[in-house]
Amino acid sequence: MKTSYRIIPMAILAIFLLGLDQLTKFLVVTGMEEGESIPVLGKYLAITSHRNSGAAWGMLQGQMIFFYIITVIVLVILVYVYFKEAKNNLLLQIAIVMLVAGSLGNFIDRILFQEVVDFVDVLLIFYDFPIFNVADSALTVGVVLMLVEFFFMGKGEKDAGN
Ligand SMILES: CCC[C@@H]1OC(=O)[C@@H](C)C[C@H](C)CCCCC(=O)CCC[C@@H](CC)/C=C/C=C(\COC)CC[C@@H](O)[C@@H](O)C[C@H](O)CNC1=O
């Protein structure tokens, strides 16, 4: 029977992403001093132990209550959209799972430490991109997949067609 919500595979993907996020953060917290940096790829990629009590680019430092509220709202909306819109839509299901896993990853840090552990330190050619983590990567990929789904696969196309 064709499973339309793919609950098991999507749960496995979410647990894998969340586990990878929490494991990498745990290794950084226990294995490195804050501020310590380990070059991986010359000066373009390093593992730098960093903490951020804000959102992307350090916005809204310390506003934990706001982050808790936003994250819970985001999670509720994602679950609603999953069961309402993602039936038989694998791309949308993966996008939503990436966003849920990423949100939960940073949510756990914010509840436990009131700050997020970051460690992926990329120096883009001329711009020193903020240090991020696996959860941020999942969120960013999820946002991109959601945009692709909407504009190239989903409603956007139908509306354009009308
Ligand atoms: C990725 C979302 C940020 C993440 O949102 C979350 O947790 C969600 C679930 C809850 C937030 C309170 C609400 C979303 C705010 C939206 C936002 O901020 C616009 C972002 C755009 C984004 C494209 C989607 C760009 C990319 C940036 C970065 C990621 O690069 C891969 C740099 C990450 C570093 O600044 C790092 O220090 C951040 C730290 O880890 C805490 N992370 C968060 O707040």
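Residues in region 23-45 that are surrounded by fewer than 18 Cβ atoms within 10 Å (Cβ to Cβ) and in contact (Cβ under 8 Å) with a residue 12 or more places away in the chain: 10 in all. Exactly one residue out of V141, V122 is in contact (Cβ under 8 Å) with a residue 40 or more places away in the chain, of a type in the set (V, I, T) and within 15 Å of A14 (Cα to Cα), and it is V141.
Residues that are in contact with a His (Cβ under 8 Å, 6 or more places away or on another chain), under 25 Å from K25 (Cβ atoms) and modelled with pLDDT of 95 or more do not occur anywhere in region 57-64.
Go through region 125-139 residue by residue and tally those that are aliphatic (A, V, I, L, M) and assigned to a loop (DSSP other than H, G, I, E, B). Residues flagged as aliphatic (A, V, I, L, M) and assigned to a loop (DSSP other than H, G, I, E, B) within region 125-139 amount to 2. Scanning region 130-162 for residues being within 12 Å of the ligand (Cβ to nearest atom) and either at pLDDT below 90 or among the hydroxyl-bearing types (S, T, Y) (or both) gives a total of 2. L78 - would you say it is under 15 Å from the mean Cα position of the chain (by Cα) and either within 25 Å of K25 (Cα to Cα) or touching a residue at least 40 places away in the same chain (Cβ under 8 Å) (or both)? The answer is yes for L78.
Of the set (1) away from the ligand (no atom under 11 Å from the Cβ); (2) surrounded by fewer than 19 Cβ atoms within 10 Å (Cβ to Cβ); (3) in contact (Cβ under 8 Å) with a residue 40 or more places away in the chain, all apply to E115 but (1). Being at positive phi and away from the ligand (no atom under 11 Å from the Cβ) holds for only one residue in G35, G58, G31, G19, and it is G35. Of all residues in region 77-100, none are within 10 Å of the ligand (Cβ to nearest atom), at pLDDT below 95 and loosely packed, with under 14 Cβ neighbours inside 10 Å.
The values are calculated or read from the model by the stated rules, or taken from the named source; none is laboratory data. Computed from a prediction, not measured in an experiment: that's the story for all the values here. No Cβ is skipped: glycine too gets one built from the backbone with ideal geometry, and neighbour counts run over all protein chains shown.
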